[in-house]
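In what follows, a structure is listed as structure tokens, so that the remarks can point back to it.
The values are calculated or read from the model by the stated rules, or taken from the named source; none is laboratory data. Quantities reported herein were computed from a predicted structural model and do not represent experimental measurements. When we count neighbours, we look across all protein chains shown, and the Cβ atoms used for this are built from the backbone with ideal geometry, even at glycine.
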Amino acid sequence: MDSPAPTSQTLRPGLLLSAMFLAVTLPACGASAEAPQDAAAEQPGATPEGDGDAEESAAGEDSSDAEGSADGEEPEAEPEAEPAELPGGGDTLFPDRRFLAAYGAPGIPALGVLGEGTPQEAAERVKFYAEQYQEHSEEPVQPAFEIITSIAITEPGVDGNYTNALDPELIEPWVDLAAEEDIYVVLDLQPGHASFLDQAQQYEEFLAQPHVGLALDPEWRLSEGQRHMEQIGSVSAEEINQVSDWLAELTREHELPQKMLVLHQFKHSMISDREDIDTSHEELALLLHADGHGTPGMKTETYETLQQDLSEDIWLGWKNFYDEDSPTFTSEQTFQVEPKPWFVSYQ
């Protein structure tokens, strides 16, 4: 007894592909077989008139087509994609622009003004701030979000590192809206006992975008045995350099414009051996963000102290606090600070 014909469920992958190919080509073969034939072709040994000429003609056409293809123009290459640019245009951060940022964590008003509303509301607010600062700046003032993506906590947390790294899905709407609204984004890390590099890599999908930079906040980087709110944290130049090496490579790999790397500081002890920070990566613009708060005199003193022995390759930033400053600086007062800060944030 003959074996049953195999079905599609029993065909091996190669045979199934062949069957699919046949299914596609069979209709054309069937149409050719049913076409009327010349009467002479029905007689054994007869040759239809003109077949020789037809073959020669076909051969000639094939030859002509081949020559035309060989002698003809090459197909036009697809146009190359435009290089990625920063919000506001260009591929270099400074000195072509200054930045005005709203700082905070999504949905947590206590951590800064950014968390007091929706992404759209934050965008409108930061654009309004930027317009105020533009009156006192020759350079364009670029609106920005500084988003706390990992938050220092007083309990060990899930991983025991005293930090809560926010789910990227929570950050994504902010990053996406910023791209639509031409707003720069800085992702701020408060890693606890985790390393800055480990946490930065958790947000690689965002840092691989042209409008997203990174901020390291050593105040919340704990050494072994330390706890938040019991002492001020710190970070070594070596750990900062590990982050900058990785971030520069990521920027090169994705052919991105220059990326901002912010270092928060208000005491010298927060960044040990600061003179050893690597500033050689052309892909990055390093910026020291002075986080001093209090009276105008206290803030100015902190700003001036942090500039001592600071590399000329590191730009300067300034933070205004709504609750901790007395009073909060106006846009005019902020840009009267010497040297005028390149990045200003509001918390």
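None of GLU275, GLU253 is among the acidic types (Asp, Glu) and out of contact with any Ser or Thr (no Cβ under 9 Å at 6 or more places or on another chain) except GLU253.
Scanning the range 114-173 for residues that are touching a residue at least 12 places away in the same chain (Cβ under 8 Å) and hydroxyl-bearing (Ser, Thr, Tyr) returns TYR129, TYR133, SER137, THR149, SER150, THR154, TYR162, THR163. When restricted to residues that are crowded, with 16+ Cβ neighbours inside 10 Å and either of a type in the set (D, E, K, R) or modelled with pLDDT under 95 (or both), the range 128-150 contains 1. Residues that are at pLDDT 95 or above and over 15 Å from HIS211 (Cβ atoms) occur at least once in the range 170-179. Among residues of the range 183-207 that are at positive phi and free of Cβ contacts under 8 Å to residues at least 60 places away in the same chain, those with a Cβ under 8 angstrom from a residue that is in a strand (DSSP E or B) and aliphatic (A, V, I, L, M), sequence gap 6+ or separate chain, pair up as GLY192/ALA152. Tell me, please, whether a residue that is over 21 Å from the mean Cα position of the chain (by Cα) and assigned to a helix (DSSP H, G or I) can be found in the range 221-237. The answer is yes; a qualifying residue exists.
Looking at the range 254-273, is at least one residue aliphatic (A, V, I, L, M), more than 14 Å from LEU216 (Cβ to Cβ) and touching a residue at least 24 places away in the same chain (Cβ under 8 Å)? Within the range 254-273, one or more residues are aliphatic (A, V, I, L, M), more than 14 Å from LEU216 (Cβ to Cβ) and touching a residue at least 24 places away in the same chain (Cβ under 8 Å).
The strands (runs of 3 or more DSSP E) located wholly in the range 270-347 that include 1 or more residues which are of a type in the set (D, E, K, R) and modelled with pLDDT of 95 or more occupy 315-320.
None of HIS268, HIS289 is surrounded by fewer than 19 Cβ atoms within 10 Å (Cβ to Cβ) and within 27 Å of ASP323 (Cα to Cα) except HIS268. Of all residues in the range 112-170, none satisfies the criterion of being at positive phi and in contact with a Lys or Arg (Cβ under 6 Å, 6 or more places away or on another chain).
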